[in-house]
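What follows is a short report on a single structure.
The values are calculated or read from the model by the stated rules, or taken from the named source; none is laboratory data. In this text, all values refer to a predicted model and were calculated from it rather than measured experimentally. Don't worry about glycine lacking a Cβ; one is built from the backbone with ideal geometry, like all the others, and counts go over all protein chains shown.
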Ligand SMILES: Nc1nc2c(ncn2[C@@H]2O[C@H](COP(=O)(O)OP(=O)(O)OP(=O)(O)O)[C@@H](O)[C@H]2O)c(=O)[nH]1
């Protein structure tokens with residue numbers, strides 16, 4: 001890494017949290033708060049479909065998408081390359097936001113900023129863990145990843161506070177504080193967090209210094225897998241909602257996240273489909289700008305297999321034949 005100590009260090013904000021907790025939502029809020037500064041984003045996504053890159057608001061100077069696996073497992077490679085690039089850049093960034101995958105071990109990623117050469121250029125200001133108020137308690141019990149993320153952070157944001165009662169929110173706050181007494185715990189709706197929290201200096205996280213913790217948590221091997229479903233056919237909206245809602249109801253503790261862009265029948269809208277916990281949402285993202293749209297859905301969870309996903313989606317598929325495609329082209333005039 002190039003020595004440029006004389007220049008202002010780049011502030012680093014590490015955003016972690018389980019799948020679907022609201023990391024991208026928080027990131028967009030922070031980018032808006034610091035608009036006007038030179039903000040660089042490193043986005044690390046789990047799953048082959050790059051959805052998140054297109055969901056990040058455009059108020060950044062540069063975006064690096066790392067899709068070669070989870071950065072906590074391949075730290076010395078892609079991430080280090082991007083950091084070297086930023087360190088050498090003539091126009092030094094003010095802020096670097098790193099959004100990890102929903103399963104990343106944030107402690108591993110944070111550790112890289114302690115290396116002597118890296119800490120000369122980068123100042124890790126905050127490790128922010130986003131917790132989904134609706135699901136975090138379940139995931140704390142079920143997944144090793146969630147507890148690691150909570151423990152590694154110095155700011156825990158209990159997001160989606162609109163989805164739980166005030167009494168339960170307070171219970172969650174106690175739960176988070178007992179899991180990590182060194183972190184500040186705040187509530188948030190739609191990823192809104194007070195800007196001044198960004199300027200506070202990170203306190204040394206005593207939990208990460210505890211050598212026994214590694215033994216307690218065990219080796220961090222992600223058991224979580226992804227299955228990507230891709231089709232040129234269209235979806236029947238009602239059947240799709242039905243089959244996915246029933247599936248999530250039954251397999252909620254196995255399917256952590258579904259996301260992707262799809263095409264519904266009789267519509268040219270590009271629909272973003274997402275699930276977190278048992279909740280399924282469909283939202284319009286403009287129109288498809290191609291005559292041959294391909295719907296892609298990534299399923300993230302435990303023990304997922306392609307044939308099972310195909311079986312779940314089959315009733316919702318409308319086969320698009322050559323005639324339909326020709327008619328579509330005639331309508332769009334191409
Ligand atoms: N009701 C509610 N929904 C929210 C809130 N914050 C985020 N969401 C929704 O939660 C879903 C997931 O949000 P993201 O920001 O994409 O979550 P993420 O952690 O980046 O997801 P991954 O990158 O897949 O792990 C989206 O549908 C958001 O619109 C909130 O405060 N309340």
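Screening residue 292 on (1) at pLDDT below 90; (2) at positive phi shows it passes everything except condition (2). Of all residues in segment 93-139, exactly one satisfies the criterion of being at pLDDT below 90, within 17 Å of residue 64 (Cβ to Cβ) and more than 16 Å from the ligand (Cβ to nearest atom), namely 112. Within segment 129-175, being touching a helix residue (DSSP H, G or I) at 6+ places or on another chain (Cβ under 7 Å) and over 24 Å from residue 302 (Cβ atoms) holds for 155, 156, 157, 158, 161, 169.
Residue under question is residue 239, and the condition is that it be outside the structural domain of residue 163 (by TED's automatic domain parsing), touching a residue at least 60 places away in the same chain (Cβ under 8 Å) and more than 19 Å from residue 132 (Cβ to Cβ); does it hold?
Working: outside the structural domain of residue 163 (by TED's automatic domain parsing): yes; touching a residue at least 60 places away in the same chain (Cβ under 8 Å): yes; more than 19 Å from residue 132 (Cβ to Cβ): yes.
It is true that residue 239 is outside the structural domain of residue 163 (by TED's automatic domain parsing), touching a residue at least 60 places away in the same chain (Cβ under 8 Å) and more than 19 Å from residue 132 (Cβ to Cβ).
Kindly indicate the residue of segment 240-266 that is in a strand (DSSP E or B) and within 15 Å of the ligand (Cβ to nearest atom) and also farthest from residue 21 (Cα to Cα) among those meeting that condition. So that I can check it myself, show each step before the final result.
Here is the first cut: in segment 240-266, the ones in a strand (DSSP E or B) are 255-262, 264.
Then keep just the ones that are within 15 Å of the ligand (Cβ to nearest atom); that gives 255-262.
Details: 255: 14, 256: 10, 257: 10, 258: 13, 259: 13, 260: 16, 261: 19, 262: 22 Å.
Step by step, filter segment 240-266, then rank; the result is 262.
In a residue-by-residue description of segment 225-236, the property of being at pLDDT below 90, more than 16 Å from the ligand (Cβ to nearest atom), out of contact with any helix residue (DSSP H, G or I) (no Cβ under 8 Å at 6 or more places or on another chain) and part of a loop (DSSP other than H, G, I, E, B) applies to no position. Of all residues in segment 77-92, exactly one satisfies the criterion of being assigned to a loop (DSSP other than H, G, I, E, B) and either modelled with pLDDT of 95 or more or touching a helix residue (DSSP H, G or I) at 6+ places or on another chain (Cβ under 8 Å) (or both), namely 92.
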